[in-house]
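Below: the structure, in C-alpha cells.
Just so it is clear, none of the values below were taken in a lab; they were calculated from the coordinates. All values reported here derive from a predicted model rather than from experimental measurement. A quick note on method: Cβ atoms are made from the backbone with ideal geometry, for glycine too, and the neighbour counts reach across all protein chains shown.
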Amino acid sequence: MKVTVRGLAGVLTIALCSVCFYTTVFVWPCFLFVLLKYTLGEGAVARLYGDFHKIADAVVRLYLVLIAAAIELIIGTSVAYTLVDAAGQGHLRQHYTTAEGLPALGKLLTAPSAPGKSKLIVMNHHTRVDWLYLFVFLARCPGLAPCLRVVLKEELRRIPYMGWAMEFFRFLFLSRKWEVDEAYLRRMVRYFTHHGEAVAIFIFPEGTDLSPSNIAKSNAFAAQQQLPQFRHVLNPHTTGTVALKSLLGAAQVEEVIDLTVGYTYAGPGERPDEPSLLSGRHARKAHLLAQVFRFDTAPAGCSTSVSVVPYEDGAFATWLHGRFAAKELLLSRFTQRSPVGFDDADVRAVFGEAVGVATFDDDVEDRRRPQQSRCQRFAEQVGGLHVFAVACVTWLGPLVYLTWYFTWLKLVLFVAWTLVHLPLTRRRGSLQNFLLHEVQDDETLVARAQRLMAGEPQPAGKQA
C-alpha cells in the first residue's frame, strides 16, 4: 500500500498523541479513581464521580480538536456543512449564524438544556471512518462535544489506548446481539441518569456502512418487508434507536439531531476507509447537513427548533424511516452535482421551499478571505486561538516529554500500564465495567483484608 508523508504524519499524530497523553496524564486520575473505589467502596468516591466526569469530558472536547486538526490541517481534508431550519431563513439567521452571517454549527448543535437531560444524534453510515469525520464537525460544537457519547462496535474498545480511553469517555460499545446490547444500554443509561449527566448519544441507525454487499443485503430485506430500495443509504434498523430513545425517557430526551454526511471522493467509487488516510486517497472534502427536531414530549423552551418529532415508539420509527428516505433523495442529488455538495436548491426540493438554508465551505472561504490561512480559520471555528493552543499543549506536551526526554524508566512505565490493562480487561470483560460496577461494602479490598486477617472465608463468586 502506498503511504504518503502527510497521511503518515496525520495518523501518527493521532496515535502517538493518544498513547502518550493516556500513559502520562489521563491514566492517573482513572487509575486513582478506580483504586479508591475498589479499596474503600462507593461511599468514598461518591463525590468524586462528578470530578472524574468533568476531567473525562474536557479531554473528549480536546480529543475532537486533535482529530479534526490531524484530518484537516495535516492530512488535508476540507469541510463543508449546511444548516437547515424549517422556520425559514430569518429564523436561521437570527439563531444559527455568526456576526458575519456565516452558519455556526455550534449554535445549532448544542448541549442538553440541563444536567440529566439528553439528546439523540442519528446519521447515515457511509463509510467505516464516518465517526472520525463526525469528530471533525463536532470539534466546532464546544457545548455539545463534552456531552458526546458515541455508539460504536464492540471491537473498537479493544484498540490499545485509544479504545481504553473511549471506555473512560463513557462511549457505548455494541456486540450486535440485541439481548446483550439491550441490557448494556439500560445499564449505561441508568449510570448517566444516576450521576445527572447531560449526554448526547450518537448512533448509526443503519447498523453498518454502505458497502456494495451491505446495500444488497439491505435491499433484499427491504423487498421482504415491502420497504423502498435505496442506493445511497440503507434502510434503518429502528429497534436499537427506538429502544435507546425510550431508555433515555420522555422526561429527559429533548431533541433528535439528524445529520447527513457525504464525501468528495479522491476518485470515482473510492469510498474513504482506514488505509485511505495513509495512502493519500482520503476524502477530499467531508460534507455535513444538519437539522434539529424537538421531541413532542419536551418543553418548547429547551430548544430553538420549531420542528417536532413524535416520541411514541411506532410514530418515531415511522419518522426515522421517512428521514432515511429523504436522505436517499438528497444524496442522489448530492452525487449528481459537479462538484458534489448539498446545493441550496436541492435541499429545498427535498425539504420544502420555505426552509432556511445556510452553508459554510472551506473552498468558498479560501476565495472570500485569501489572507486567512486554513490554520487560522480552524482555530477560529473550534473556539478560538486559546482553545487551539490548549489542545496543542495538551496533546503535544506528553509526546515531547516522552520522546525528547527518553529514559528506560518511561519505557518500563509504558509497558507496565499495558500489562496492567490487559488482565483487568479480561477479569471484568472491559475497563468500562470497572467504572460501572457498583462495589458493595463486602467487595472492597479493605473488607477482604479484614476477613483475611480474621481468618474468615471470602464470599463465593465475588471478584476484586
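The figures follow:
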| quantity | calculated |
| --- | --- |
| Likely footprinting exposure, W28, W319, fewest C-beta neighbours within 10 Å first | W28, W319 |
| 5 angstrom amide H check on E255, placed H, neighbours 5+ away | L120, F295 |
| Value of D in µm² per second that Stokes-Einstein yields for the range 1-118, Kirkwood Rh from Cα pairs, at 10 °C (1.306 mPa s) | 87 |
| Cα long-axis angle, helix 178-194 against the chain (0 to 90 degrees, to the nearest 10) | 80 |
| Degrees between helix 5-21 axis and first principal axis of the chain (Cα, 0 to 90, nearest 10) | 40 |
| Zero-based 10 Å bins, Cα pair distances in the range 5-454, whole percents | 4, 20, 31, 27, 13, 5, 1, 0 |
| Cross-link reach list, lysines versus K217, counting only Cα pairs under 24 Å and skipping chain neighbours closer than eight places | K153, K177, K327 |
| Positive-end residue of G116, T82, A104, charge dipole of the range 74-206 with Cβ unit charges | G116 |
| Residues with amide H under 5 Å from that of K285, placed H, sequence gap 5 or more | S78, T264 |
| Aspartates and glutamates whose Cα lies under 12 Å from that of K117, excluding same-chain neighbours fewer than 8 positions away | E197, E254, E255 |
| 0 to 90° range, to nearest 10: angle between helix 48-69 axis and the chain longest Cα axis | 40 |
| Under 17 Å from the Cα of K119 - lysines, other chains or at least 8 residues apart | K107, K245 |
